[in-house]
Amino acid sequence: MAGLAHLVEMAQVGLSDQIARPRIAIIGGGYAGMAAAVSLMDTGIADLTVYEAGPILGGRARRIPGGNGDEDNGQHLCLGAYTELLKLMGRVGADPEDLFYRCPLSLLIHALNHPLGKKSKSLFSLRTIRFLPAPLNLATSILLSSGTSLGERVHTLQALYQLKQQSYLISPGLTVSQLCDELGIQGVFRHFFWESLCLAALNTPPQFACAQTFLNILQDIAEGHQQASNFLIPRTDLSSLFPEPAAQYIQKKGAKVYTSCAIKQCEPAGKLIRVVGTRHHSLYHHVILATPPRAASTLINGWGEPMHDLGNQLRSLPHEKIATLSVEYSNRRFRLPFPMMGIAHSPIEWIVDRSYLLQQSSAKRLKDSSASDTHGSRFTCVISAPHESSNLDKGFLTSEAHACLQSLCGPLPQPNASRLVVEKFATLSCRPDIHRPQACTPDPRLILAGDYLQSRYPSTLETAVRSGLSAAALTIKHMQA
């Protein structure tokens, strides 16, 4: 029967020498896979299929069912320097200015006060000045920041100037903590600027985080265009931000997109590649494997010994968690002083006020938002890279989040609802001793895509998009060869 099925498949597509147009499969409908799909369709590929195991596109950055309809499996923060994501969103008709809340880079850290009932005290405040060009906007914001001594601010500016003279290149193997030690950066500015920005951008504790990767981001913030340092907070869910508009875009061009179709088998079949899913199977000339690394390592088992080392590498990559707590006060309308605020001495590191995200969105976005957004308040609380010993109990974190909000806004009633999502494999652990794989595999017909691959950035949406574009370019190159 298996042989008969194989003959039927061959009859459907014809022998590879007789097929006039290449057939391409993309396994994984996240940001990397959909970026690859858009790029390939724009080059004129006529036969392309995307397979997504889950019911919703987005991969590790997706909408989760239930709730308010715009909740995700983790809060993501983008930067104005993430150029490829923004360009690709515009290409598929997802306007970044409508779908992101844009604000100048702001690090606003407050203390959690006890006893409750009194508003918290600001420990550190840094906000880039919107109208100044780079690098003056960051330098001026450092000089005017509050909560630190003038000596600390001047020393940070001197350190940044030294790094600029080195083109932001340092000795390999350094962690962010070791870099701060080498630069002599200590005190409040080290904790609330260098280390807080590191944890937010890399989702890896500074004592383990790769200093060179951190400096790559810092260079783009400091030396990029005027808006490169902007924080971009998604107004909508992560699936609606790019993957779903991308799917609509490629489907209009003739591509096929299957959701809830997990791929069980991907292996060479002569000059073609057999892809077998739970509800669809076919043969292809080229496959882009845009799944998380552990899933990719399982799928390449069918390729035998040539993929053995790559499979071991993929399985050994360490990851970091992200815990995201949504808290809702349905009968009380109140706002934080700023859209995103940090909390010191609390397991809750960042709180995002969703009312700011809805404030300037389009009429359609306001119309589609839930009723609870009109009459109440919702907040997203982030715990980046929690330790194994961290208390991730929903009740405990909800109590801590409520205490933080009371510390910022004054006495409040108890929240009406909360939802905790812990993404165990949220991002690649961005450490200097981690060797990230390349996109190419031993078989040029099979290309990898994902935010875990070799990049100057950590695991971000931008990294995923760039890897997808690279995978598409490599596939086209092999087709031409």
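Using the Cβ atoms and a cut-off under 9 Å, what net charge is assigned to the surroundings of Asp353, where Lys and Arg are +1 and Asp and Glu are -1? Provide the component values of the computation, followed by the final result.
Numbers: positive: Arg335, Arg354, Arg378; negative: none.
Taking every other residue near Asp353 into account, the sum is +3.
Provide the packing ranking of 104-111, 265-272, i.e. peptides ordered by the mean count of other C-beta atoms within 10 Å per residue, highest first.
For the peptides 104-111, 265-272, the packing ranking is 104-111, 265-272.
Is it possible to state the helix-based mean residue ellipticity at 222 nm for the chain, with each DSSP H run of 4+ residues giving -39500 (n - 2.57), the sum divided by total residues, to the nearest 500 deg cm²/dmol? What is it?
-10500 deg cm²/dmol
Taking other Cβ within 10 Å of each residue's Cβ, how do Asp220, Asp451 sort, fewest first?
Ascending Cβ contact count within 10 Å gives the list Asp220, Asp451.
What is the sum of charges around Ile26, taking Lys and Arg as +1, Asp and Glu as -1, for the other residues whose C-beta is under 11 Å from the C-beta of Ile26? List each step's numbers first, then the result.
On the way: positive: Lys256; negative: Glu52.
Computed value for this residue: 0.
To make sure I understand the rule: partners must be aspartates and glutamates, Cα under 14 Å from the Cα of Lys164, and not fewer than 8 residues away in the same chain. Which ones qualify?
Counting by Cα, and skipping residues close in sequence, Lys164 has these aspartates and glutamates nearby: Asp220, Glu223.
Can you list the HN-Hα couplings for segment 314-320, worked out from phi with the Karplus curve (6.51, -1.76, 1.60; θ = phi - 60°), rounded to whole Hz and with x for Gly and Pro?
Listing the rounded values in order: 5, 5, 8, 5, x, 10, 10 Hz.
Could you rank the peptides 51-60, 27-36 by their average count of other C-beta atoms within 10 Å per residue, with the highest value first?
On the way: 51-60: 22.6, 27-36: 30.7.
Most protected by this proxy first, the peptides run 27-36, 51-60.
Given that compact globular proteins tend to follow 2.2 N^0.38 Å, what is the ratio of the alpha-carbon Rg of segment 129-228 to that value?
Cα-based Rg divided by the globular estimate yields 1.01.
Assign unit charges at the C-beta atoms only (+1 for Lys and Arg, -1 for Asp and Glu), then state the dipole size of segment 201-280 relative to its Cα centre in Debye, rounded to the nearest 20.
It works out to roughly 660 debye.
Just to confirm a number: summing +1 for Lys and Arg and -1 for Asp and Glu over residues other than Ala201 whose beta-carbon lies under 15 angstrom from that of Ala201, what do you get?
Taking every other residue near Ala201 into account, the sum is -4.
Towards the positive end of the charge dipole of the chain, with charges on Cβ (+1 Lys, Arg; -1 Asp, Glu), say which of Val465, Phe131, Cys430 has the farthest Cα.
So the residue we want is Phe131.
Could you tell me how far the Cα centroid of segment 32-100 sits from the Cα centroid of segment 425-481, in Å?
The distance from the Cα centre of segment 425-481 to that of segment 32-100 comes to 16 Å.
Report, in cubic angstrom per residue, the convex hull volume of the C-alpha atoms of segment 190-322.
About 192 Å³ per residue, rounded to a whole number.
For a protection proxy built on the mean count of beta-carbon atoms within 10 angstrom, sort 253-260, 407-414 highest first, please.
253-260, 407-414
Could you size up the charge dipole of the chain around its Cα centre, putting +1 on the beta carbon of Lys and Arg and -1 on that of Asp and Glu, and report it in debye to the nearest 20?
840
Rounding to the nearest 20 debye, state how big the charge dipole of segment 129-228 is about its Cα centre with +1 on each Lys and Arg Cβ and -1 on each Asp and Glu Cβ. All intermediate terms of the calculation are to be shown ahead of the outcome.
Working: 4 positive and 6 negative charges, 41 e Å.
It works out to roughly 200 debye.
Sort Glu195, Glu84 by Cβ crowding within 10 Å, fewest neighbours at the top.
Ascending Cβ contact count within 10 Å gives the list Glu84, Glu195.
Every read-out reported here was derived from the displayed coordinates using simple, explicitly stated rules and does not represent laboratory data. Computed from a predicted model, the values in this text were never measured in an experiment. All Cβ positions, even for glycine, are placed from backbone atoms using ideal geometry, and neighbour counts span all protein chains on display.
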